[in-house]
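Every number here is computed from the coordinates shown, using simple stated rules; none is lab data. Just so it is clear, the structure is predicted and the values come from calculations on it, not from any experiment.
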């Protein structure tokens, strides 16, 4: 009897260090998981210092902001002259016009509002606040517009971030799937300029950048993005 009890005690004493080792490993990985979770949450909730949206005013359905009307008139008048011309867009009035749009926009229960546009060397940055069930995150997409050797316009999504977290590969995959699903559903006008822009952004499709003003056409031949300025160069098109 005594010898049996002694053996049980020895077995327990031998297993105790192993159990403590497993507990230490478990505690270590739990600590790592918590740290990673805190880091991810911190990155997602990060508010970029350059994100400074303008306060939106009351939206008036059917009203076009004067800056868009100004640019449209410039394009129309220049196109009618049948000569090369440049259209220059400035960051400040772009943001004033964008802020007066119909915000927030809602999709599948997610709200998007407080947009901001930044013009930086060689890229256009668009940012906004995303509200998903009360959790507010700052999303931003960086686009690099380029005219390729064949004269086609590419709108490459160079970076997509939520807070400080770069999710570009995931965002591109989801964007492509969303575009292809909508395109396969039908009722899509592939000749419409907005559809072509969506295809360029979501599915990396290039398109022929020819724009029409009544019976006259102009081809976009160069895109130059500088600090707070976007210059579009056009040539008359037959």
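Only helical DSSP H runs with n ≥ 4 go in: add -39500 (n - 2.57) per run for the chain, normalise by residue count and round the 222 nm mean residue ellipticity to 500 deg cm²/dmol.
That comes out to -14000 deg cm²/dmol.
Return, for the Cα atoms of segment 119-238, the radius of gyration and Dmax in Å, separated by a comma.
Rg, Dmax (Cα atoms, Å): 16.2, 52.
Using Cα pairs closer than 8 Å and at least 6 residues apart in sequence, work out the relative contact order for the chain, in percent.
Once normalised by length, the contact order is 20 percent.
Using the alpha-carbon atoms, what tilt in degrees (0 to 90, nearest 10) does helix 2-45 show relative to the longest principal axis of the chain?
Taking the Cα atoms of the chain, the angle to 2-45 is about 10 degrees.
Can you give me the angle between helix 66-80 and the longest principal axis of the chain, using Cα atoms only, in degrees from 0 to 90, rounded to the nearest 10?
Between the helix axis and the principal axis of the chain, the angle is about 50 degrees.
Return the Rg/Rh ratio of the chain with Cα-based radii and a Kirkwood Rh.
1.26
With springs only between Cα atoms under 10 Å, which of 185, 222, 199 fluctuates most in a Gaussian network model of the chain?
Fluctuation is largest for 185.
Rounded to two decimals, what is Rg over Rh for segment 42-85 when you use alpha-carbon atoms and the Kirkwood radius?
Taking Rh as the inverse mean 1/r over Cα pairs, Rg/Rh reads 1.27.
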